[in-house]
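The values are calculated or read from the model by the stated rules, or taken from the named source; none is laboratory data. Predicted, not measured: the structure shown is a model, and the values here were computed from it. All Cβ positions, glycine included, derive from the backbone under ideal geometry; neighbour counts span all protein chains shown. Each accessible area value is taken on the protein alone, full model and side chains, heavy atoms only, with ligands, DNA and RNA left out. Shrake-Rupley method; radii C 1.70, N 1.55, O 1.52, S 1.80 Å.
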Amino acid sequence: MAEKITQKVTPWEVKGKIDYDKLIKQFGLKPLQHLPETFQKNVLFRREIIFAHRDFKQIVEAVQKKKTFVMMTGLMPSGKFHFGHKLVADQIIFYQSLGAKVYIAVADIEAYNSRNPNMKELRETAIKEYLTNYVALGLKLKNCDFYFQSARSKNGKQANAYYSLANMLARHATFNEFKAIYGEISPGKMSSSLLQAADMLHPQLKEFEGKPIPIIVPVGSDQDPHLRLARDVSQRIKAFRFKQLSSTYHKFLPGLKSGKMSSSDPLSYIALTDTPEEAARKIKKYAFSGGQPTLEEHRKKGGNPEVDIPFQMLKYGLEPNDKKLKKIYDDYKSGKLLSGELKQIVIDKLTKFLKEHQQKRKKAEKLVDKFLN
Ligand code: TRP
């Protein structure tokens, strides 16, 4: 039975079945369409998994005219790195391949204020789970500024500039604005929002890239309130002439059992460090199927790929070939392809991916070690 909860998408909570058209209207986003070839090559853009934006045009222009631009995003270190997190990693790596300077913030201060006060554990998770997987997926550590909110830089001038900005932004926001953007707000959340605004804006400071430049912030749609705040205050703080931030929004990868993917429930996701056997077991046992209850019915009525989690995993990138994906879609919908057969396709793809990825992780661990020391 489908759960009947009304849609709620905020940085602190995501629930209900998400209607992305409604979200576009509610948040005032622009749908992302008609992108040039360079972007269409990326499976997430092509399949409209990245579905909306703010001010993306300046990024398209920077790419086309080969001008300097920054890709900035942040991660909340919690639990295992899974296929939901991979969506962001794929985008970081894609922008790096287009020539972006990459900034990645580990939101350890935000995590401290909102969920986990163990700073040592946060640091370890950020490195072992996130950074190592990013590198194994193809992130180049050259041209990459990876930092912790709690330790911006060993360079004093840079560190001062970042923390000053986070604190100075406070002057340019009001309490009512916080309430309007976030609904509920606490001191911890307020300071996290301002620090995140500094994350997104500080590459433009003279201590960093030296001048106002386009910055793309790829995020899940739950992060838009932070962007609204950062965009608003950035244009009020006249001490700096910030170029307006650009952002894109991707859809959430549904959890294995349908519903939400959650770091705290290992049966809701496939981690990139799961063994191929574990992954296969999770797919067989837990992945929600859009097939019919009996073989006869399935042959007659066909399956529903839209709600079928194994199919969605192929769509979100496991099957990069559009023609092959369409054939699977058509065959499943017509009843020619059975749920078990579809699951097997996914298991085969996953097995290959996980084996190769885990091999690459070994080399990545060494590179990360060298990078951090
Ligand atoms: N708030 C983000 C999250 O919960 C993490 C984050 C911190 C972030 N700073 C950022 C995201 C800057 C994008 C840009 O995942």
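Can you tell me which residue in segment 66-78 is nearest to the ligand (Cβ to nearest atom), limited to those that are under 15 Å from the mean Cα position of the chain (by Cα) and touching a residue at least 60 places away in the same chain (Cβ under 8 Å)?
Within segment 66-78, the match that is nearest to the ligand (Cβ to nearest atom) is Gly74.
Working carefully through the options Gln223, Gln244, Gln196, Gln204, find the one that is surrounded by fewer than 18 Cβ atoms within 10 Å (Cβ to Cβ) and not assigned by TED's automatic domain parsing to the domain that holds Tyr332.
Of the residues listed, the single one that is surrounded by fewer than 18 Cβ atoms within 10 Å (Cβ to Cβ) and not assigned by TED's automatic domain parsing to the domain that holds Tyr332 is Gln244.
If you go through segment 81-89 one residue at a time, do you hit one that is of a type outside the set (A, V, I, L, M) and either outside the structural domain of Val135 (by TED's automatic domain parsing) or open to solvent by 40 Å² or more (accessible area, probe 1.4 Å) (or both)?
no
Can you tell me which residues in segment 173-188 are assigned to a helix (DSSP H, G or I) and either touching a Ser or Thr at 6+ places or on another chain (Cβ under 8 Å) or buried (at least 17 other Cβ atoms within 10 Å of the Cβ) (or both)?
Here is the first cut: in segment 173-188, the residues assigned to a helix (DSSP H, G or I) are 175-182, 187-188.
Within segment 173-188, Phe178, Ile181, Tyr182, Gly188 qualify.
May I ask you to verify whether Tyr103 is open to solvent by less than 20 Å² (accessible area, probe 1.4 Å), farther than 20 Å from Pro225 by Cβ and within 12 Å of the ligand (Cβ to nearest atom)?
Here the answer is yes, as Tyr103 does meet what is asked.
What is the residue count in segment 146-172 for residues that are assigned to a strand (DSSP E or B) and crowded, with 17+ Cβ neighbours inside 10 Å?
Number of matching residues: 3.
Given the options Lys360, Lys349, Lys370, name the one that is free of Cβ contacts under 8 Å to residues at least 40 places away in the same chain, part of a helix (DSSP H, G or I), under 27 Å from Ser78 (Cβ atoms) and open to solvent by 80 Å² or more (accessible area, probe 1.4 Å). Let's see the steps before the verdict.
On the way: Lys360 fails: free of Cβ contacts under 8 Å to residues at least 40 places away in the same chain; Lys349 fails: open to solvent by 80 Å² or more (accessible area, probe 1.4 Å).
It is Lys370.
Quick one: count up the residues across segment 181-233 that are more than 12 Å from the ligand (Cβ to nearest atom) and among the hydrophobic types (A, V, I, L, M, F, W, C).
Within segment 181-233, residues that are more than 12 Å from the ligand (Cβ to nearest atom) and among the hydrophobic types (A, V, I, L, M, F, W, C) number 7.
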